[in-house]
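A short worksheet on the structure shown next.
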């Protein structure tokens, strides 16, 4: 490993390529333990008058949400020497939970999907901790970004292919089987991550040093930037809710809108989305000054949420096909969501020289975001039971755009004043 690390220190091209592949592969494999179960329909099962699949999704999201709250402390205080052991332990724990999910009676096996989600929410923070605080962070994180976009769709296709090969495997055992198939690959990509060298002096000069945070560091950041951070949290929550809803019920939505589709449609739409976002995030990495980079991220968020509402309107007016609606709403969502995850707080820390790490801010947003996802699922089940999944997505896209643009404007005003006050313009 030492030889590899030395090579990466000498060659910028090798360093960027290695880091992108390592981040993409690790997070893609994580999704193999989290998402394939959503490709099942679990028809004929229900609990407490709620569709069984909704129960499973809520159970896992509850675990994932709790993981994000835990991650606010664990990820923000994580020391580099503990990363490798932590990320492997998280994945092994989640696979054991999937095995117990398959073994247990459907009346209460949802408990093990809660256990499955409990460790997985911290994986993103561990992976990003290898990449942040560098002058190429946006470029390095492109692998992580693309993985987040395409993984779920590709793994749904993998689910259908594997289930077609081994039809005797039930929907309850398929998640554990797919997890086991991807475990060796996951371990390989973790090894790749662990070979990435630490940020150098130029990285620290341009992007600020990223250190484990103390409780006082967290309080100081929230005192100084609280109103602006609150605006970003609200925007992130809206995006996370809609992204998660579209992803979890994509099979049902495709069926409802009457589109003719096959098992590859989930991969095709997300691959196109990934390419668009890849170009957009790549352009962000070309912006050298942190103030312009910070404002550029906020512009991308605005473009993304406007596209989400515009595509919904065009679909309702029968001006675009069901395929293009699902494609464009996905592009819009991820154009806003991905830059928030990998670039917004990265640039904010560098611009204001904050003693913090991006994991703290992202996990603060994520924890509340997944709480919102659970609320949306429960609200749909109890108060919008007769409304289709597709119509919920349509209504939410308009709400998303209005709320996000309002709070984005407030955030721009707040941080603009901060920049002027600190003589950074």
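Every number here is computed from the coordinates shown, using simple stated rules; none is lab data. Model, not experiment: these values are computed from the prediction. Cβ sites come from the backbone with ideal geometry, for glycine too, and all protein chains shown count toward neighbours.
Here are the numbers:
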{"item": "For segment 218-241 and segment 108-148, distance of Cα centres in Å", "result": "20 Å"}
{"item": "Spherically averaged projected area in nm², based on the convex hull that wraps the Cα atoms of segment 99-242", "result": "12.1 nm²"}
{"item": "Length gained when the stretch residue 403-residue 103 is fully extended (0.36 nm per residue, less Cα-Cα span)", "result": "103.6 nm"}
{"item": "Distance-filtered residues of segment 322-344 - backbone nitrogen under 17 Å, label point 7 angstrom along residue 283 Cα→Cβ", "result": "331-340, 343-344"}
{"item": "Using distinct alpha-carbon pairs, which all enter the 1/r mean, Kirkwood radius of the chain in Å", "result": "21.9 Å"}
{"item": "Exposure proxy order (Cβ contacts within 10 Å, fewest to most) of 388, 170, 321, 145", "result": "170, 321, 388, 145"}
{"item": "C-alpha center-to-center spacing [segment 53-104, segment 1-33] in angstrom", "result": "23 Å"}
{"item": "Calculated FRET efficiency for the pair residue 96/residue 316, C-beta based, R₀ 60 Å, to 0.05", "result": "0.85"}
